[in-house]
Amino acid sequence: MDFGFSEEQDMLRESARHFLESECPMTYVRQMMEDETGYSEDQWRKMAELGWLGLIFPEQNGGSGLNIVDLTVVLEEMGRCVMPGPFFATVLLGGSAIEFGGSDAQKQKYLPRIIDGTLKTTVAHLEESARWDTDGIQLPATAKGASYSLTGTKLFVPDAHNANLLVVPARTSSGITLFLVDAKAEGVAIRVLKTLDQTRKLCELRFDGVEVSADAVLGGVGNGWPILDRVVDRAKVAMSAEMCGGAQRVLDMSVEYAKVREQFGKPIGSFQAIQHKCANMLVQVESAKSATYYAAWAVANGVEEAHLAACMAKAYCSDAYRFVSGEGIQIHGGIGFTWEHDMHLFFKRAKGSEVTFGDATWNRELVAQIVLDEAS
């Protein structure tokens with residue numbers, strides 16, 4: 001593996017930062033927090049024109065044919081500005097599920113529309129148990145001739161209210177199966193939830209006898225879990241990259257504030273206690289980046305330890321982002337606790353990202369199981 005980004009990737013990062021500084025300032029983020037849709041169609045169209053929606057999808061389906069390492073640099077910049085909207089749900093979740101599990105016909109039908117921005121999608125994974133493993137998926141899909149009927153509830157589904165197409169893992173007699181469900185289908189009810197981090201909208205989905213045809217299955221009946229597992233690995237890496245970007249921004253803001261904020265006639269950055277906080281934050285940020293970049297390379301190249309690397313990155317970054325954002329608030333003192341200051345946006349995003357795809361404890365348990373299995 002390479003231990004640095006290529007010139008093209010550095011140019012992509014610079015372009016992404018320039019675009020997001022212009023199109024996604026904190027005033028926009030706060031506006032979208034109050035808006036139930038949570039994003040601007042104008043910004044979505046511009047991202048499609050830049051090619052961001054198709055960066056990691058195959059060229060034969062209209063994408064750029066790049067990989068998660070290339071997208072990592074964009075995701076870090078999105079994390080730096082706490083970007084709201086359905087990008088993560090559409091590209092990393094729903095789009096990835098279609099890429100990994102769809103037939104050629106399904107890919108050709110849906111991926112070009114995701115890439116050009118006309119189709120938004122998501123994955124409805126979690127249920128009331130809030131488990132990210134196979135036991136967490138209990139929503140029944142009952143066979144009815146050549147179709148299936150879905151009845152049950154999914155929770156904390158990202159941007160489902162903006163989605164045109166839902167990827168719904170459900171349990172059939174053959175095992176876990178992924179179904180493509182029209183978000184406007186009869187029997188589908190979507191409600192936006194009030195959550196800690198309003199920069200990322202989460203929804204409750206209720207299915208009441210929703211009819212799904214057999215040709216709306218991804219990857220075959222009973223074959224859904226390996227596809228979903230692969231989607232989650234890619235999404236963990238993407239989430240880790242977002243968290244690295246957010247943590248770096250908090251560190252930058254805190255160091256800058258420590259240079260200009262004075263106490264007792266001196267900048268607070270001259271005090272050892274503040275210096276130690278900043279140093280500890282830097283260690284966390286750089287270590288999180290190292291774990292994330294390795295996981296991105298492993299997942300992109302399909303190496304044997306890709307799943308292990310994704311779990312390790314998610315575990316480390318979950319703790320690191322929460323720690324760094326908390327320390328950032330402490331360095332800013334009283335102003336850091338106010339609604340008017342932006343620090344709380346990063347802290348709330350850190351807490352929301354921490355529990356998505358399992359918190360640090362959950363992912364460390366997965367790491368432990370992998371290590372023990374290899375040892376035996």
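Bear in mind these aren't lab numbers, they're just calculated from the coordinates by the rules spelled out. Quick caveat: nothing in here was measured; it's all calculated off a predicted structure. Cβ: placed from backbone, ideal geometry, glycine included. Neighbour counts: every protein chain shown.
Some observations on this one:
- Taking all Cα pairs closer than 8 Å and separated by 6 or more residues, the relative contact order of segment 1-147 comes to 22 percent.
- In sequence order, segment 260-267 has phi-based couplings of 9, 7, 10, 9, 6, x, 9, x Hz under the Karplus curve 6.51 cos²θ - 1.76 cosθ + 1.60, θ = phi - 60°, and Gly or Pro positions carry x.
- Amide H contacts for residue 81 (H built 1.01 Å from N in the peptide plane; partners 5 or more residues away or on another chain; cut-off under 5 Å): none found.
- Prolate/oblate/rounded call for segment 7-120, Cα gyration tensor, a/c under 1.5 rounded: oblate
- Approximate spin-label separation residue 276-residue 338, in nm, with each point projected 7 Å along Cα-to-Cβ: 2.9 nm
- Set against the labelled values [x] 79, 51, 40; [y] 80, 45, 44; [z] 76, 46, 39, Cα extents along the principal axes in Å computed from this structure falls on [x].
- Assuming charge only on the beta carbon of Lys and Arg (+1) and of Asp and Glu (-1), the dipole of the chain about its Cα centre is about 740 debye to the nearest 20.
- Legend: calculated FRET efficiency, residue 195 to residue 138, from the Cβ-Cβ distance at R0 = 25 Å, rounded to 0.05, equals 0.65.
- Peptides 188-195, 170-177, 241-248, 323-330 ordered by packing proxy, namely the average of other Cβ atoms within 10 Å per residue, highest first: 241-248, 323-330, 170-177, 188-195.
- Working note: Karplus 6.51/-1.76/1.60 with θ = phi - 60° gives segment 306-322 the couplings 4, 4, 4, 5, 5, 5, 5, 4, 5, 4, 5, 5, 4, 5, 5, 5, 4 Hz, where Gly and Pro are set to x.
- For segment 162-283: rounded, prolate or oblate by the Cα gyration tensor [a/c cutoff 1.5]: prolate
- Backbone phi angles across segment 48-57, fed through the Karplus curve with coefficients 6.51, -1.76 and 1.60 (θ = phi - 60°), yield HN-Hα couplings of 5, 5, 6, x, 5, 6, x, 3, 9, 9 Hz in residue order; Gly and Pro are listed as x.
- In the chain, helical runs assigned H by DSSP with n ≥ 4 each contribute -39500 (n - 2.57); averaged across all residues and rounded to the nearest 500, the mean residue ellipticity at 222 nm is -17000 deg cm²/dmol.
- Amide N of segment 324-350 lying under 20 Å from the label point, which is placed 7 angstrom from the Cα of residue 27 along Cα→Cβ: 339-346
- Model label points for residue 229 and residue 303, set 7 angstrom from Cα along the Cα-to-Cβ axis, are 2.0 nm apart.
- Dipole orientation for the chain: of the candidates 341, 293, 370, 341 has the Cα lying most toward the positive pole (charges on Cβ; Lys, Arg +1; Asp, Glu -1).
- Highest average first, the peptides 288-296, 127-135 ordered by how many other beta carbon atoms sit within 10 Å of their residues are 288-296, 127-135.
- Simple Cβ-charge dipole of segment 7-120, Lys/Arg +1 and Asp/Glu -1, about Cα centre, in debye nearest 20: 340 debye
- Summarising the amide proton neighbourhood of residue 159: residues at separation of 5 or more, or on other chains, whose placed amide H is nearer than 5 Å comprise 201, 202, 203.
- Relative packing of peptides 250-258, 309-317 - highest average C-beta neighbours within 10 Å first: 309-317, 250-258
- Using a cutoff of 8 angstrom between alpha carbon atoms and counting only pairs six or more residues apart, the relative contact order for the chain works out to 15 percent.
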